[in-house]
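Below is one structure, written out as structure tokens; comments come after it.
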Amino acid sequence: MRRRHPHVLGIDDAPFRKGQDGEVPLVGVVMAGTTQVEGVTIRTFPVDGDGATGFLADWIGALRWSEVLQALLLGGVSIAGLGLVDLEDLTTRLGFPVLAVTRREPRPDALAHALRTAGVPERVPLLDRLPPARRWGEGIWLASAGTDDEDADAILRASIGRARLPEPLRIAHLIGAALVMGESKGRA
């Protein structure tokens, strides 16, 4: 990582009910370090939709901040339920590292089962291409593409303030909850 306060985009989906029809708001927060919010962007994506990787690449590539971004943080390897993201393909399209951060250990077998149950078994082979997640501190799991573990660790460290989650993801989560429920609540 080249900068002490990298420009990082964190994207998280808003809360939604399992099996819900329609679209889910996705919130992106651009930050420099842990204290400076430089921008917020919102789009929607169909629940359990297909083409998540291309959607994210197009959205992020069109942002006015795209030229200064140094990393993307996602709240997991899927968006809006089962919209599976190919982290390697996305990092190639964007030209910078993509990190998937979760609070729980990823369970690819459970995700494969969910994909089959939802009637989208053609997405299951993508699970084999996902980079392995590793435990990163207490209550955080990290999978990264487009960088080595040392650089991924540095990006994450530079993005974490006083909470366990990186600030861009934490703020995106709060905004997403407020969009859907009128205010944020719960653990962020």
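For the range 109-122, state whether one or more residues are under 17 Å from Leu73 (Cβ atoms), modelled with pLDDT under 95 and either surrounded by 12 or more Cβ atoms within 10 Å (Cβ to Cβ) or within 14 Å of the chain's Cα centre (by Cα) (or both). Checking the range 109-122: not a single residue is under 17 Å from Leu73 (Cβ atoms), modelled with pLDDT under 95 and either surrounded by 12 or more Cβ atoms within 10 Å (Cβ to Cβ) or within 14 Å of the chain's Cα centre (by Cα) (or both). Answer yes or no as to whether Thr147 is free of Cβ contacts under 8 Å to residues at least 12 places away in the same chain and hydroxyl-bearing (Ser, Thr, Tyr). When the stated conditions are applied, Thr147 does not pass them. Every condition in (1) in a loop (DSSP other than H, G, I, E, B); (2) closer than 15 Å to Gly75 by Cα holds for Glu183 except the one numbered (2). If we keep just the residues of the range 38-67 that are of a type in the set (A, V, I, L, M) and modelled with pLDDT of 95 or more, which is farthest from Arg170 (Cα to Cα)? In this case the residue turns out to be Ala62. Scanning the range 8-25 for residues that are assigned to a strand (DSSP E or B) and over 16 Å from the mean Cα position of the chain (by Cα) yields one hit, Glu23.
The rows are residues; the columns are (1) surrounded by 15 or more Cβ atoms within 10 Å (Cβ to Cβ); (2) touching a Ser or Thr at 6+ places or on another chain (Cβ under 8 Å); (3) at pLDDT 95 or above; (4) among the hydroxyl-bearing types (Ser, Thr, Tyr).
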residue	(1), (2), (3), (4)
Pro6	yes, yes, no, no
Phe16	yes, no, no, no
Gly19	no, no, no, no
Leu26	yes, yes, yes, no
Gln36	no, no, no, no
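Does Val85 fit the bill of being at negative phi, at pLDDT 95 or above and touching a Pro at 6+ places or on another chain (Cβ under 7 Å)? Judged against the criteria, Val85 is not a match.
Taken together, the criteria place Glu67 among residues that are out of contact with any Gly (no Cβ under 8 Å at 6 or more places or on another chain), closer than 23 Å to Gly33 by Cβ and surrounded by fewer than 20 Cβ atoms within 10 Å (Cβ to Cβ). Taking the conditions exactly as written (under 23 Å from Thr44 (Cα atoms) and acidic (Asp, Glu)), does Asp86 satisfy them or not? So Asp86 passes the test. Step by step: first the residues of the range 157-172, then only those that are more than 12 Å from Gly75 (Cα to Cα) and hydrophobic (A, V, I, L, M, F, W, C), then the one that is surrounded by the most Cβ atoms within 10 Å (Cβ to Cβ). Which residue is that? The qualifying residue surrounded by the most Cβ atoms within 10 Å (Cβ to Cβ) is Ala158. With respect to (1) closer than 19 Å to Leu99 by Cβ; (2) among the charged types (D, E, K, R); (3) at pLDDT below 95, the lone exception for Asp12 is condition (3). Given the options Asp58, Asp50, name the one that is part of a loop (DSSP other than H, G, I, E, B), among the acidic types (Asp, Glu) and under 30 Å from Pro121 (Cα atoms). Residue meeting the stated conditions: Asp50.
Can you tell me which residue among Ala145, Ala152 is of a type in the set (A, V, I, L, M, F, W, C), over 20 Å from Phe16 (Cα atoms) and under 13 Å from the mean Cα position of the chain (by Cα)? When all the criteria are applied, what remains is Ala145. Within the range 150-174, the set of residues being among the β-branched types (Val, Ile, Thr) and either under 22 Å from Thr92 (Cβ atoms) or free of Cβ contacts under 8 Å to residues at least 12 places away in the same chain (or both) comprises Ile155 only. Comparison of Arg170, Arg104, Arg93 shows that the only residue that is in a loop (DSSP other than H, G, I, E, B) and either among the basic types (Lys, Arg) or modelled with pLDDT of 95 or more (or both) is Arg104. Might you check whether a residue that is part of a loop (DSSP other than H, G, I, E, B), under 18 Å from Pro166 (Cβ atoms) and within 12 Å of the chain's Cα centre (by Cα) occurs anywhere in the range 26-47? The answer is no; no qualifying residue exists.
The values are calculated or read from the model by the stated rules, or taken from the named source; none is laboratory data. Note that the structure is predicted; figures quoted are calculated from it, not measured. A quick note on method: Cβ atoms are made from the backbone with ideal geometry, for glycine too, and the neighbour counts reach across all protein chains shown.
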